[in-house]
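Contents: one structure, followed by commentary.
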Amino acid sequence: MRCLFLSVALLMVLSGRAVTAVDFSRQIRPILSENCFFCHGPDEAKREAGLRLDDEVAAKASNDGVVAVVPGNPEKSALIQRIVSSDPDEVMPPPKQHKVIPPAQVELLKQWIREGARWGRHWSYEKVQRPPVPPVGEVRTNPLDAFLQSRLKHEKLAYGKEADARTLVRRVALDLTGLPPTLAELERFAPPGAPTPMPEGDYEKLVSHYLSLPAFGEHWAGQWLDLARYADSSGYPSDQPREIWAYRDWVVRALNKNMPFDQFTIEQMAGDLLPSPSDDQLIATAFHRNTMTQNEGGTSDEEFRVAAIVDRVNTTFAVWMGTTLACAQCHTHKYDPLTQKEYFQIYAFLNQTADADRKDESPLHEIQTAELRAQRQKLQQEAAALEKQFSALPEGWLKGYEAWLSSKPSIKDKKTAEALAAEAAKRTPEQVTLLKGHYVRQTAPEAKAERSRLNAVNKELARTKPVSVPVMRDLPAAERRKTQVQLRGNWQALGDEVNEGTPVVFPSLPEGKTRDRLALARWLVSRDNPLTARVTVNRMWESLFGTGIVRTSEEFGSQGELPIHPELLDWLAAEFMDSGWDVKHMLKLMVLTRAYRQDSRSTPELNERDPDNRLLARGPRFRPAGELLRDQALAASGLLSFKMGGPAVRPLAPNMGLTTAFGRSNDWTLSVGEDRHRRSLYTEVRRNSPYPSFSTFDAPNREVCTIRRGRTNTPLQAFVTLNDPVFIETHQAMARRVLSAADPLDLLFRLCLSRAPSAQERTTLSRLQAEALADYRSHPQEAVKMACEPLGPAPAGADVAELAAWTAVANVVMNLDEFVMRR
Amino acid sequence: MNPVRHDSLQLTTRRTFLSGAGQFSLGAIALHALQENAAASLPAAANPMLPRVTHHAAKAKRVIYLHMSGAPPHLDLFDYKPELVKHDGQNCPDSILKGRTFAFTTGVPKLMGTPRTFKRYGQAGMWMSDACPNFHTLADEITMVRSMNTDQFNHAPAELLLFTGHTRQGRPSLGSWATYGLGTENQDLPGFVTLISSGTQPSGGQGLWGSGFIPSVYQGVQCRSKGDPVLYASDPAGMSRNLRRRTLDALRELNEVQAADLGHAETVTRIAQYELAYRMQMSVPEVMDISKEPAGTLEAYGAKPGESSFANNCLLARRLVEKGVRFVQLFDWGWDFHGTSPDSGITDGLTKKMAATDKPVAALIKDLRQRGLLEDTLVIWGGEFGRTPFREGRTAASKVLGRDHYPDCFTLFMAGGGVKAGFDYGSTDELGFSVAEKKVHVHDFQATVMHLLGFNHERFTYRFQGRDYRLTDVHGHVVRDLLA
């Protein structure tokens, strides 16, 4: 209700569009959707009085002599009559709905009818057409700026001044790689005295540099993994470990090599159906194997297989089409023209894979390099030869056998022990073989060399076990599943059989072609699909500007918010597709705008006009994710390991002293060495016990797809950055790093904030440092704790009290609003 | 729609605040405390945790929810079935088994009457078994709902349904809805606290106290029984309280310069949150320290300072609500009475488990009563479903008696907070296979709890992905008979 009121109000206030012709898609349809569609919308089962307001013909037709919308005549339109009625039995929406249409919106409805009640489709279902770029005075304006500036001009606003070079370097570095700039990068791109604004060519070099770093893929993979609901455990109560990290590394690689987004989509949805798929194309299909598996005793595998398919349908539509298809699982959608039958037609595409909620997560794909394969083959052959030798029971190895028998050795294996216990004469030939075998394998001194070799070979084989990853694999034709509508979303209440198909409101699939996952994937990224490109560029925009052009980046349907810059969104979507779905190209376009380069300072006037900075009359500023905050602290302090990929790692974490239901301990064994300081992307994700400090900063637990994270600001977050040993360790490392510098405070500021401290900052922090130092001089034991727990002993000869005092100063600087915010 | 129409209020506040050219007031500070994307549904103009106005006067101002994870055997505790005892050992009738599946039982199981002894207690003559002697003393305090009913017979989905209104992950929990609606009465403590005993977290996982798609400020804060009760609330080793104060002073000083320079409300919010954190560092350990409780109180609960137990958690629950925490959620593991081991048998196993349970619960309710808190504190005790009137299939031949999961009927009880005292509600049929009268589905139960907290469950919603979501999904009716 409020979101609609706001968006309509915003449009009126900000654009003054109410005085021009009313736009059905942007101004009228949202009012009807919010207030009327629930009972007078697409869902036939819930439709009241046979009236349908989401369809032009129906709305303008006579319904028992009553016409809802009479073009040109608001007074004769039942729609208006019922809305303004004071009779509680007549008034719409009915009082029990607790909805009231504000007078301004009623006026809009009247004006729209007066103007002829022109109809249109929901804006995001229209095919993407590239709108003309509005003319702006300056030559060589980035088209994005042209759209933004023309809107600002309309609002009698203008861009603010450009941010200085050092702010920009930090902003671009954080946005593109998730890491702060190094001192060398600062020196290169923003040397002392660098001009503001930064020369165009220099700025472009800066952007290209960060787009080319491997850290780029790691940073953007983090966001994709929220959509992919990636986790290193299977979820549900037992939350078993799951080996699927090869998929996470695939995402990083794909992003770093700038795989076109259409290919990125096709490989994840249906890489296995491509002709002779590569290892990578199979690994990519793990996208949809990130659904949870239920291993609780007494549960039905089919019930949870169905749950996984439902999740795949919902996730596919949420990620690519910004559409909550989920509603249509149980009933025809109330607001958007999506029927329950159509839901199960999509379901049918995804209902043919071999996985079935099994504990072993099969089917799995094993990844071995040729080298590894050869190595393992050799070992396997050697093991087989040795096994054969032992099984042959060579006479030479049995010299001590009789003596061993009479020594009555203790034997663990039950059968062998029985054989030994049996009277010698009564032993069966099998029992004799068993005993001899045991003797040569365990005891015979003559076979010692072979025995230890076999052990070593087996150990080596275990060590070189290939990495596996759950993948999508279609069932053989004979085992294909029949798909039926599940009544009210109940997997056991089955209705009509359905075949693969896409909702009629969207473009259709090519005629006469196979309808499988690959066809669905290609449909998602076809040039005619109205949503995928819009939804994807909007998410990029959100990552860089803090808020999407459509604020509800998860919902582009009737109930979502309207785009604040509709033409810009369409231009970007068109450009994205026409560039060959080039992700880095789009990011670069956005980062190169003047809008992006602005200083983020605001003014009271601007805060009042545009509190959420939707119009971008200043630079964007927001609090990044918890993972980035940890990475930033590690990188600035010099602790960060740049090792990429591989199994998940377990950095310092608090002990909760609990186990998961029917499962393992929630507390984990810490990784050793550099694995404690890897990028947060590599931290093990356990759905039942997500890493606590990330959760505190709004990280989801990855049970289901999350399109957009929250951005709260709470005291528990202050606890994390002030006291969490993970962060304290970075403060301690920072103290060690800066103390040897001629001007420690200057270095501390440059590492953390990419700038030198101000005079006031110097005064405040020097005072703190001096006071802390005095304290620690008189309490050396406390100084040791402050400087070394948990980082470890101070370097030989270090002044521990100084280190402790500087740790306290780093604790302050690394909690500054400026450090915690990306500005 | 939000319970309160804050739209205009919020816009006014925002305008007044922002036009004040750098003069920030605490009242306006938390404007951005919520995520920006939730602005559409901002529940309050200022601090998201401030106490707020409800749809109607709330009878319960706070909740203590005692959840026995695994499902207590209601037929051996409360729901007395003499007919079942009479038919003990007979084959379960076909009419009941037809077309049904059970978690661990296949074929034809044997009916099992309770081995426990039942008697009537209190003025209402409330049936209870010998397994829970301390509950007998509560008979005049509680409302016993004997006609509870759910849709799910596996633990995780059933717990999710009970606590989030939906069987799959991703929805806000009961406690987060309550905190979202009511805020908290003590800004120096979390509004919603979760305490877990018996070493294992509930099957439904952290979603049972998660905030789903509503802002994460409303999620339950899991307090530990060892180490910092709230994660990272302790200063690092080697930092004195005095130095912490000085570091925070320096931080505030520098952040204030930034706030004035940048003109962003969020910087001011951050300053306030660090100050709040500093106050919480004092208030949290204080409220979580039970060692200063009188010996008599510790004895009554069976609580022992320094240990981790359900008894300690019950005492903590009282201390927390007393200090103004809105919702305290306890989970206790070990209630899955299948009979697969002596501990999960309904004879000795149940006696043992109950011995660590009924005493602290009785002490808690009496303690709240004595302190005048029970009147507006709702206490709930129960599980996620019931247990079968027949013997569990896998353990049918063992010496230990156990029952399988059963969704159609179960029992839970409530006390205080606007529900009747000494009241029996609903019943099951003679053998305990289905609700005989006054069925209360978990959605009805949730609607009733929301009503007691002052909310109309149909109007108490949060907009997400274009839809107004509510705790009760599209179901639920308030059970008015339960209201005092």
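Kindly state, to the nearest 0.05, the FRET efficiency for A:Ala356 paired with A:Ala770, given R0 = 51 Å and r defined as their beta-carbon distance.
It comes out at approximately 0.15.
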Report task. Find the relative contact order for chain A and round it to a whole percent, using C-alpha pairs within less than 8 Å whose residues are 6+ positions apart. Result -> 16
Query raised in the report: If you stretched the chain out fully between A:Thr603 and A:Arg481, how much longer would it get, using 0.36 nm times the residue separation minus the C-alpha to C-alpha distance?
Result: 37.8 nm
Query raised in the report: What is the antiparallel percent of DSSP beta bridges lying wholly in chain B, to the nearest 5?
Result: 45
Query raised in the report: Going by how many other Cβ atoms sit within 10 Å of their own, how do A:Arg488, A:Arg453 line up, fewest first?
Result: A:Arg488, A:Arg453
Query - Number of partner chain Cβ atoms within 10 Å, mean per residue of A:652-660 - result: 5
Query - Kyte-Doolittle mean at least 0.0, axial Cα span of 27 Å or more - DSSP H helices of chain A - result: A:301-321
Query - Inter-chain shielding of B:250-261 (mean C-beta neighbours from other protein chains, 10 Å cut-off) - result: 5
Query - Net lengthening on full extension, A:Ser391/A:Asp301 (0.36 nm per residue, minus Cα-Cα) - result: 28.3 nm
**Report entry** A:Asp280/B:Glu299 FRET efficiency (R0 56 Å; Cβ-Cβ; nearest 0.05)
**Finding:** 0.30
Query raised in the report: Between B:Lys86 and A:Asp89, how many nm apart are label points set 7 Å from Cα along the C-beta direction?
Result: 5.4
Query raised in the report: Mind listing the Cα extents of segment B:72-127 along all three principal axes, in Å, largest one first?
Result: 42, 21, 18
Query - Segments B:63-75, B:279-291, A:559-571 sorted - mean Cβ within 10 Å per residue, highest first - result: B:63-75, A:559-571, B:279-291
Query raised in the report: For the cross-link pairs B:Lys359/B:Lys399; B:Lys81/B:Lys110; B:Lys226/B:Lys366; A:Lys161/A:Lys588; A:Lys205/A:Lys257, which exceed 23 Å when the distance is taken from alpha carbon to alpha carbon?
Result: B:Lys359/B:Lys399; B:Lys226/B:Lys366
Query raised in the report: Computed on alpha carbon atoms, what radius of gyration and Dmax characterise the protein assembly as shown, expressed in Å?
Result: 33.1, 112
Query raised in the report: Could you put B:His166, A:His333 in order, starting from the residue whose Cβ has the fewest other Cβ atoms within 10 Å?
Result: B:His166, A:His333
Query raised in the report: Arranged from highest to lowest average of other beta-carbon atoms within 10 Å per residue, in what order do the peptides B:336-348, A:75-87, A:395-407 appear?
Result: B:336-348, A:75-87, A:395-407
Report summary line: extent check for segment A:403-507: Cα max minus min per principal axis, descending, whole Å, gives 85, 35, 25
Query raised in the report: Over chain B, what is the mean sequence separation of C-alpha contacts under 8 Å (at least six apart), divided by residue count, expressed as relative contact order in percent?
Result: 28
Query raised in the report: Which order, highest average first, do A:768-781, A:213-226 follow once you tally other Cβ atoms within 10 Å for each residue and take the mean per peptide?
Result: A:213-226, A:768-781
Report summary line: Within the protein assembly as shown, the percent of DSSP beta bridges that are antiparallel, given to the nearest 5, stands at 55
Query - Cβ-Cβ FRET estimate between A:Glu382 and A:Ser410, R0 fixed at 35 Å, reported to 0.05 - result: 0.65
Report task. Per residue of A:814-823, count partner chain C-beta atoms within 10 Å of its C-beta, then hand back the mean as an integer. Result -> 5
**Report entry** Listed residue pairs exceeding 26 Å between alpha carbons, taken from A:Lys388/A:Lys436; A:Lys359/B:Lys353; A:Lys341/B:Lys98
**Finding:** A:Lys359/B:Lys353; A:Lys341/B:Lys98
Query raised in the report: In nm, to one decimal, how far is the modelled label at A:Glu423 from the one at A:Ser208, with both set 7 Å along Cα→Cβ?
Result: 9.3
Query raised in the report: Using alpha-carbon pairs under 8 Å, 6+ residues apart, how would you state the relative contact order of segment A:382-473 in percent?
Result: 39
Report summary line: Fewest to most Cβ atoms within 10 Å: A:Val440, A:Val67, A:Val537 sort as A:Val67, A:Val440, A:Val537
Query - Inter-probe distance in nm under a simple model that places probes 7 Å from Cα toward Cβ, at A:Ala374 and A:Ala61 - result: 7.3
Report summary line: So, over other residues within a Cβ distance under 13 Å of A:Lys415, counting Lys, Arg +1 and Asp, Glu -1, the net charge is 0
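Each value in this text was obtained by applying a stated rule to the coordinates, not by laboratory testing. Keep in mind that what you see is a predicted model, and the values were worked out from it rather than measured. As a convention, Cβ positions derive from the backbone with ideal geometry for all residues, glycine included, and neighbour counts pool all protein chains shown.
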